[in-house]
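> Dropping a structure here in structure tokens format, bear with me for questions.
The values are calculated or read from the model by the stated rules, or taken from the named source; none is laboratory data. For clarity, every value in this text was computed on a predicted model and none was experimentally measured. For the accessible areas, the whole protein counts, side chains as well, though only heavy atoms, and no ligand, DNA or RNA atoms are used. Shrake-Rupley method; radii C 1.70, N 1.55, O 1.52, S 1.80 Å.
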Amino acid sequence: MTRPTLRTTLCERLGIDYPILSAGMGPSLIGEATGATVELVVAVSEAGGLGVLGAAGLTVDGMRDAIREIKSQTDKPFGVDI
């Protein structure tokens with residue numbers, strides 16, 4: 001028996017398996033230092049959803065470093081929320 005799969009137009013457009021997008025949780029502009037880690041973004045993307053890096057509170061260099069790290073760990077699609 002095959003497992004049923006929910007496939008949508010969004011999946012086709014984003015190149016993902018499931019219509020699941022993680023929230024772009026990141027350091028905030030008001031000083032909150034925590035957020036979704038690079039590892040969470042990679043895990044969601046690897047599982048077939050769209051991992052999203054929250055980058056509003058990151059510096060340009062910090063965002064660039066995080067994007068490079070994500071790309072080094074997965075070839076799946078991911079997003080950046082600024």
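> For the Cα atoms of the chain, what angle does the longest principal axis make with the long axis of helix 60-73, in degrees from 0 to 90, nearest 10?
So the helix axis and the longest Cα principal axis differ by about 30 degrees.
> Can you give the accessible area per residue of the chain, in Å², using a 1.4 Å probe?
67
> Could I ask something else about it? Report in % the part of the accessible area of the chain that belongs to carbon and sulfur, leaving out ligands and nucleic acids; probe 1.4 Å.
Exposed carbon and sulfur together represent 57 percent of the surface.
> Quick one: 3J(HN,Hα) in Hz for the range 43-49, Karplus 6.51/-1.76/1.60 with θ = phi - 60°, rounded, Gly and Pro as x.
Couplings: 4, 5, 5, 5, 7, x, x Hz.
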